[in-house]
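The structure appears right after this line, and notes come after that.
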Amino acid sequence: MIIENERLAAMNNRLCSLRAYNLGNSEDLLSQIAVKEMIAIDDSWQEFVGEAAKAKDEVLRNLRESLQIRRQKEVGWSILVALSELEFKFRELSPHNVLDAIKAGEIPNLKIIY
């Protein structure tokens, strides 16, 4: 009975480890996806093979969704930083010098897309 309890505890630990992930930046999420994809769902899972397969699919789906959201946020943050830098640059310039600064490449020529 003790051996069986230890086996079940070990399987539950494997399942918990399979289900565990952290939300970080896109690089962290990509790394976790790669690690989870490499986990083999085979006979070593014994009677938990079905549960392990479902857990792996679920965690990969969640990580991929989180990655998509994280990438969108990171793009948004980089746009906000760029706009903040442009705003600061524009405040330094007089209205007469803005066009000259754009032509000189000091300020990118932005295209607004609707």
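The requirement of being more than 16 Å from the chain's Cα centre (by Cα) and surrounded by fewer than 11 Cβ atoms within 10 Å (Cβ to Cβ) is fulfilled somewhere in the range 23-40, by at least one residue. Which of (1) within 30 Å of the chain's Cα centre (by Cα); (2) not in a helix (DSSP H, G or I) is the odd one out, the single condition Gly105 does not satisfy? Gly105 satisfies every listed condition except (1). Only one entry of Ala52, Ala40 meets the criterion of being among the small types (Gly, Ala, Ser) and touching a residue at least 24 places away in the same chain (Cβ under 8 Å), and that entry is Ala52. Cβ-Cβ distances below 6 Å connect no pair with a first residue in the range 61-80 that is under 14 Å from Leu23 (Cβ atoms) and modelled with pLDDT under 85, a second residue that is of a type outside the set (D, E, K, R) and surrounded by 13 or more Cβ atoms within 10 Å (Cβ to Cβ), and a separation of six or more residues or different chains.
The values are calculated or read from the model by the stated rules, or taken from the named source; none is laboratory data. Everything numeric here is computed off the predicted structure, so don't read it as measured data. A quick note on method: Cβ atoms are made from the backbone with ideal geometry, for glycine too, and the neighbour counts reach across all protein chains shown.
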